[in-house]
1. State yes or no: is Leu130 in a helix (DSSP H, G or I) and farther than 20 Å from Phe57 by Cα?
2. (1) over 15 Å from the mean Cα position of the chain (by Cα); (2) in a helix (DSSP H, G or I); (3) among the polar types (S, T, N, Q): which one isn't true of Thr385, the others all being true?
3. Could you give every pair whose Cβ atoms fall below 8 Å, whose first residue belongs to the stretch 462-490 and is within 16 Å of Asp631 (Cβ to Cβ), and whose second residue is at pLDDT 95 or above and acidic (Asp, Glu), counting only separations of at least 6 or pairs across chains?
4. For the stretch 586-606, give me each residue that is outside any loop (DSSP other than H, G, I, E, B) and either of a type in the set (A, V, I, L, M) or surrounded by fewer than 15 Cβ atoms within 10 Å (Cβ to Cβ) (or both).
5. Residues Gly297, Gly328, Gly245: which one is at pLDDT 95 or above, under 37 Å from the mean Cα position of the chain (by Cα) and closer than 30 Å to Ala494 by Cα?
6. Evaluate the following for Ser572: is it within 13 Å of Thr555 (Cα to Cα), polar (S, T, N, Q) and assigned to a loop (DSSP other than H, G, I, E, B)?
7. Looking at Leu450, Leu419, can you tell me which residue is among the hydrophobic types (A, V, I, L, M, F, W, C), more than 24 Å from Gln356 (Cα to Cα) and part of a loop (DSSP other than H, G, I, E, B)?
Amino acid sequence: MYPASDVLRILAAESIELARSGHPGMPLGMADIATVLYHSFMRHNPNNPHWVNRDRFILSNGHGSMLQYAVLHLTGYDLSIDDLKSFRRLGSKTPGHPEYPEVPGVEATTGPLGQGLANAVGIALAQKHLGERFNRPGLPILDYFTYVFSGDGCLMEGISHEASSLAGQWSLGHLIMIWDDNGISIDGKTASWFSEDVCQRYLSYGWHVIDNVDGHDPIAIHQAVTQARLNLKQPTLIQCQTTIGFGSPNLAGCPSVHGKPLGASEMNQLRNQLNWTHEPFSIPSSIYDQWDAKAAGKIHNDAWLDLWSSYQSQYPEAAKQLELIWQGRLPDAYNNCVDHHRMSWLTQDRAMATRQASNQVIDALAQSIPQLIGGSADLTESNLTKVPYQIPFHETTPQGTYLHYGVREFAMFAIANGLSVSHMIPYVGTFLVFMDYGRNAMRMAAMMRLRVIFILTHDSIGLGEDGPSHQPVEHLAIARLTPNLNVWRPADLAETAAAWHHSLLRVDGPSAIVLSRQSVPPISHQESDGVAMTYGAYAVYGYQDSSVDCLILATGTEVSLAISVAQRLSQSNYTCRVVSVPCLEIFMQQPVHDRTELLSAAPCQVVIEAASQALWERCLNRIDLFFGIDDYGLSAPGPDVYEHFGLTEMNISTKIFDFLTEIETCV
């Protein structure tokens, strides 16, 4: 047994025992691999966890978090022994699964199996892309490796197939995955449900595969990682055969060691097995010295700073652009583009689908944003996410800023998260209804507060003939229920530009921009609307009236419908205010006074949205009439489906008229 790894086993087991909760099997089983990796290969600086050219480590099998916390503590990160004692406690820096950015040294929140692998693909993709654009002969500013630990569960998940296929297609030679092949999961031995030839599978993806490595033999592990690092043309899978719970005399190799503490008796036997005589959480200074990476990290970091200084001298403009990317800022050129196009966006007078409006905004802005990288899940021509000057990313064109993900929504969303933690601004496109395929990664983006932009088109029954399987109904509500996700549903070009602008400026979370397939008429705007719409809601009709008979809230394609309804009601001497709500989340963050003033109480309060009703009660004290969808859609031309569900000017205005007439009769 590799002596330096024993302290990892002890610290992980002790912390889990103290917490009375956790997963000791994986830390015990992968301790030798982690020891070799961090002692011999990882370039990192505990005193500067955000050094841009550090090697990245992703724990895709995040339930084994105590292994990572023990490594981070021993190597010198800001994670104390008391933090380890607080494992899984409220407010601790050692939560049950690794969390980004709360835990120093953790590169991504992991736990949902397989997503860490996809995040790692995104991180390695960013290195290849930015390295191709900015590295110069003799000045490899960005040449870091991305290492990812994955378990059997990660490789069972469908996302591992999607992400690994893309990693091979993209020839991500700086990506090294170490598979903890222990043949055990919660339900028992995996042979009955996970028996495919994984190594052949990865060979078919175009990976370099190193198989049958003894995961408890440090020399074999060292040789495998060395071999992997020499192949920069392919990602590498290292199959490490391990025993779950290795070192535990009675539980090693047993499913029960996966997810519960060893227990006092087995803990004592583990200590005896490892000849560990120290008190709990007492680590000898000699072991700390053996693990401490601060001095070596400073050497790595300082050597890179010397390289960076030469780079700045020889390539000052490229250096400035890189610094801007690393700082997460947008250049002055971006603001100049926005200023140049602002009035044309507001005054556009041609009917168009909002997906077309989005394409116009991308065309206007993308060249001014050096860290922007787009893509779609095989729906580029439908999502309209690519513009002519974008070069597709490929093995031979790694400088390309557009990614063809194929039909892989889940991997696309999770890879975008990896790009985002690597200083890129990714936007990814699919149909709104297919958000379900990738939603867990969307949730993780919101949890990690990442700047990811989800372009979700074909947003309602308006897409028509493709029918209910492709017509989203509940999806807007589901997205709006996701904490820290801003959901934009713009009504025209001006609102679409506002959605893009706000999403690009936002640095504390993702945004979803929900767009139509069908054309919508332009809305007549005041110049002040350009600012007003960024508050999430604003009046587009009847704003001059201090009190009205009917207040109508609408989003997206239904805003122009609401205006037509208001105009028809005005012929009956009823006054209306129509409020467009492009982003409900942002509107609900505005001061109560401002919200109340805009939504001044009216005898009749109406919401029009071609979706389910959920969540509108957040901003209205009551909803008298809701015009939307409470069932699945139909296969027919879009206007016919709208008529079937009563989303027409005549039907809505008639029902509002009847409601107001009834009120007057009662009075």
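1. No, not satisfied.
2. With respect to (1) over 15 Å from the mean Cα position of the chain (by Cα); (2) in a helix (DSSP H, G or I); (3) among the polar types (S, T, N, Q), Thr385 is out only on (2).
3. Pro472/Asp459; Val473/Asp631; His475/Asp436; Leu476/Asp459; Leu476/Glu609
4. Ile586, Met588, Val592, His593, Asp594, Thr596, Glu597, Leu598, Val606
5. Numbers: Gly297 fails: closer than 30 Å to Ala494 by Cα; Gly245 fails: closer than 30 Å to Ala494 by Cα.
Unique residue meeting the criteria: Gly328.
6. So Ser572 does not fit the description; no.
7. Selected residue: Leu450, the only one of Leu450, Leu419 that is among the hydrophobic types (A, V, I, L, M, F, W, C), more than 24 Å from Gln356 (Cα to Cα) and part of a loop (DSSP other than H, G, I, E, B).
Let's see how each residue does on (1) of a type in the set (Gly, Ala, Ser); (2) in contact (Cβ under 8 Å) with a residue 40 or more places away in the chain; (3) surrounded by 17 or more Cβ atoms within 10 Å (Cβ to Cβ):
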site: His174; (1), (2), (3): no, yes, yes
site: Ile184; (1), (2), (3): no, yes, yes
site: Lys189; (1), (2), (3): no, yes, no
site: Leu203; (1), (2), (3): no, no, no
site: His216; (1), (2), (3): no, yes, yes
site: Leu232; (1), (2), (3): no, yes, no
site: Thr236; (1), (2), (3): no, yes, yes
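The values are calculated or read from the model by the stated rules, or taken from the named source; none is laboratory data. Since we're looking at a predicted model, the values are computed, not measured. Glycine gets a Cβ as well: all are built from the backbone with ideal geometry, and neighbour counts include every protein chain shown.
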